[in-house]
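The values are calculated or read from the model by the stated rules, or taken from the named source; none is laboratory data. On a predicted model such as this, the values are computed, not experimentally measured, just so you know. Cβ coordinates were reconstructed from backbone atoms using ideal geometry, including for glycine residues, and neighbour counts include every protein chain displayed. Side chains included, ligands, DNA and RNA excluded: accessible areas come from the protein's heavy atoms. Shrake-Rupley method; radii C 1.70, N 1.55, O 1.52, S 1.80 Å.
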Amino acid sequence: MKKMNRGILTALSSIGIAQGLKILTHKKLSGNWDWKQVATTGGMPSSHSAGVCALATYLASHKGARHTETALATVFGAIVMYDAQGIRRHTGEIARLVNELEDSFASLAGDFPSFEFVEREKELKELLGHQPVEVLGGAIFGCALGFASAKLENN
């Protein structure tokens with residue numbers, strides 16, 4: 001039986017563990033256990049960053065920093081991390097503003113009966129991206145896991 005690709009296993013494990021760690025960081029910040037954190041976007045640590053850094057570090061440790069696969073994983077990883085803390089975070093901030101605007105329209109509609117306004121049943125999701133420290137936390141965790149995976153394989 002063939003073994004699963006170690007790079008994929010390392011990256012997916014890093015993503016899964018990082019998602020699980022969100023439960024602990026949420027508990028530390030809020031004082032409440034919330035098991036739904038395992039399936040959320042955003043939060044500490046970034047599982048996106050953990051996954052791409054685990055893969056890039058595993059490849060660099062296993063095949064060498066000059067290998068083409070390492071270059072690909074690093075460049076695409078940098079794009080993913082930039083997107084997670086930049087574009088996706090800003091999208092979440094825009095969603096928060098739209099939700100606030102809708103709340104304002106709802107209260108305004110109550111004051112003016114002729115003003116037609118139909119409120120949505122569900123608000124836009126606001127926690128989409130990451131703060132830079134969350135991306136950094138995921139990156140450090142992923143690098144550590146990727147390095148450890150390569151060392152275990154080489155022994």
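Here is how the numbers come out for the structure above:
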quantity	calculated
Qualifying positions in the range 15-61 - under 24 Å from Glu153 (Cα atoms) and of a type in the set (Phe, Trp, Tyr)	Tyr58
Every pair of residues 6+ apart whose Cβ atoms lie under 6 Å, when the first sits in the range 28-52 and is farther than 11 Å from Ala18 by Cα while the second is open to solvent by less than 40 Å² (accessible area, probe 1.4 Å) and at pLDDT 90 or above	Val52/Gly77
Within the range 75-85, tally of residues that are open to solvent by 70 Å² or more (accessible area, probe 1.4 Å) and among the β-branched types (Val, Ile, Thr)	2
Matching residues in the range 1-16 - criterion: being among the charged types (D, E, K, R) and surrounded by 13 or more Cβ atoms within 10 Å (Cβ to Cβ)	Arg6
Residue among Thr40, Thr70, Thr91, Thr57 that alone is of a type in the set (Ser, Thr, Tyr) and open to solvent by less than 20 Å² (accessible area, probe 1.4 Å)	Thr70
Residue count for the range 17-27, restricted to those that are in contact (Cβ under 8 Å) with a residue 24 or more places away in the chain and either open to solvent by 40 Å² or more (accessible area, probe 1.4 Å) or part of a loop (DSSP other than H, G, I, E, B) (or both)	2
